[in-house]
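> Quick one: the structure is below, questions incoming.
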Amino acid sequence: MPDASFARQRGEIFEYAGATVEMVDAATLLAAARVNPVDLLRQASWPEPVKRVDLSVAGADRPGGPVHAFSAAISTADEPYSKERIRKLVLGQDPVGLLLAKRIEQGDPITTRIVDSVGSAAVAAYRKLGLDRPTQPAANRRPATLADAVVGLQATVTYDESGTVVRLFAEVPRDDVTPAHLQAFVGLTLQAVLELAGENSLTGRKFVISRDAVPPRTAPTTQTVTLDMVGGLTEVVAELREIAVSFRHPEAMERWGARRPQGILMYGPPGTGKTMLSRALANEIGADFREIRTPEILDKWLGGSERNIKQIFRDARRYRVPTLMLFDEFDSIVSYAGAGGDAASQALNAVAGIFKQEMNDLIEENPNVLVVATTNFPHRVDDSLIRSGRFDVKLSVPKPDEASRAEIFRKMIQGLIAAHEQPGFEMFADDLDLVALAHASHGMTGADIKEVLRRVQLAKAMQDARTGGHVAPISQDELLASVRDLLGSR
């Protein structure tokens, strides 16, 4: 059955307090929530003092039967010790502060080092004095209930101890849940936002409720990729989301004496998206991305490699903003530790030994840093390097199965449509059959599917250039032909 409408979804639109809310394919969203939790908000900007709203629906089993559980968390707290917050604490808005900020933006290493040191001291002082704690106690706020009389939905409203997070929760029996319940819960969440931000604070704003991220109007790049854009790899993405949550909420980790993962090892065949997943995780956290390549470490001069790896970790201990460090092709840096007696093997052994030492206490020295290593050949990496405590999470990133390939095709095509289609121009025809494409592309990786699309796009662009336009959209047959050509060229 052809399935192109997925890429041009049109949602149901309703208005609430002057805001426009679009719900995209609510029935499918609720069906997906039976299997895995679904984050709902894909496009949102919030009025002060609201900083962030997390909205989700998930399936749950209760003694009375399965339910859909709707939850929302409305936060009025700043992200703890973000780069912007620390600089405001240290630099201020006087002329000297503005001058220092300008020098930092220009890359002045001495100024950056001074301000980073002062910023670290300021954070420590604020914590010691208790100035980082919110001033609005939760004691004055009691649990309440918000209700939508139309569908009979009731949501309990509670407040955390800090008084900066408002939580809403509601349940609907699975057999009874409808898109109207979803709309009602979204409305109750916006009502809670209004109570915090004031009347008319939502006027003119737009919110999108969708299972998928709203594709950007420009084609996604490696730098802008998010976990929402990843097709297939459901379990891997879910694990990375959990890691992102643990990174973004150090206060919860501290409350329970928990330690988030310090290092992540991702391994699998080439082209399965390990580097892309690393970049997406950094974007999910809101972290800077620092990729360390083999030439930055390995040096032909005696002792050079050891100095390089020490300097990389010395710098890492000074990062004052969340930073993901990616060691791509990890095996080429530390492979076969302990093997071989030639100079090259000895250099690798020395680098591996230093790497072990540096990873032993990195998270205690600087909790802003998360280390990710990727490899196509995990058997080449010594087990002691990647033991728990150094690399707490080890994720296999396999080649996608048929269902995952269909999802990859769907997300890639949806992104291309969002970026390039305009009124009067359709990029893809309406006869696409994702199941057939997934079946025909057996054995392909995400990188292969991207190449399939690139070849078809190039052929269409060349045809357009030769004929001056009036080129038919990309069809199912053309995509299948591109799949066959790529498989045949192996």
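The values are calculated or read from the model by the stated rules, or taken from the named source; none is laboratory data. Predicted model only: the values in this text are computed from it and were never measured. Because the Cβ atoms are built from the backbone with ideal geometry, glycine has one as well, and the counts that use them run over all protein chains shown.
> Hey, among Gln457, Gln414, Gln463, which residue is assigned to a helix (DSSP H, G or I), touching a Phe, Trp or Tyr at 6+ places or on another chain (Cβ under 8 Å) and either of a type outside the set (A, V, I, L, M) or assigned by TED's automatic domain parsing to the domain that holds Gly273 (or both)?
Going through Gln457, Gln414, Gln463 in turn, just one is assigned to a helix (DSSP H, G or I), touching a Phe, Trp or Tyr at 6+ places or on another chain (Cβ under 8 Å) and either of a type outside the set (A, V, I, L, M) or assigned by TED's automatic domain parsing to the domain that holds Gly273 (or both): Gln414.
Here is a yes/no grid of residues against (1) of a type in the set (A, V, I, L, M, F, W, C); (2) within 24 Å of the chain's Cα centre (by Cα); (3) at pLDDT below 90:
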site	(1), (2), (3)
Val393	yes, yes, no
Ser396	no, yes, no
Ala403	yes, yes, yes
Pro423	no, no, yes
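> A further question follows. Limited to the stretch 276-295, what total is found for residues that are over 18 Å from Gly263 (Cβ atoms) and surrounded by 15 or more Cβ atoms within 10 Å (Cβ to Cβ)?
2
> Of the conditions (1) in contact (Cβ under 8 Å) with a residue 24 or more places away in the chain; (2) more than 26 Å from Thr226 (Cβ to Cβ); (3) not β-branched (Val, Ile, Thr), Glu364 fails just one. Which one is it?
Unmet for Glu364, out of (1) in contact (Cβ under 8 Å) with a residue 24 or more places away in the chain; (2) more than 26 Å from Thr226 (Cβ to Cβ); (3) not β-branched (Val, Ile, Thr): (1).
> Let me confirm something: among Ala352, Ala419, Ala406, which residue is part of a helix (DSSP H, G or I) and surrounded by fewer than 17 Cβ atoms within 10 Å (Cβ to Cβ)?
The conditions single out Ala419.
> Identify, please: which residue in the stretch 1-46 is small (Gly, Ala, Ser), at pLDDT 85 or above and assigned to a loop (DSSP other than H, G, I, E, B) and is, among those, nearest to Val172 (Cα to Cα)?
Checked the stretch 1-46; the qualifying residue nearest to Val172 (Cα to Cα) is Ala17.
> Of everything in the stretch 293-307, what is touching a residue at least 40 places away in the same chain (Cβ under 8 Å) and part of a helix (DSSP H, G or I)? Give them in sequence order.
Hits for the stretch 293-307 are Ile297, Ser305, Glu306.
> Got a sec? Which of Glu407, Glu358 is among the acidic types (Asp, Glu) and more than 25 Å from the chain's Cα centre (by Cα)?
On inspection, the qualifying residue turns out to be Glu358.
> Taking the stretch 10-60 only, how many residues are loosely packed, with under 15 Cβ neighbours inside 10 Å and of a type in the set (Phe, Trp, Tyr)?
Adding up the residues that qualify gives 1.
> Taking the stretch 451-490 as the search range and keeping residues that are more than 27 Å from Gly424 (Cβ to Cβ) and of a type in the set (D, E, K, R), which one is surrounded by the fewest Cβ atoms within 10 Å (Cβ to Cβ)?
Step by step, filter the stretch 451-490, then rank; the result is Arg490.
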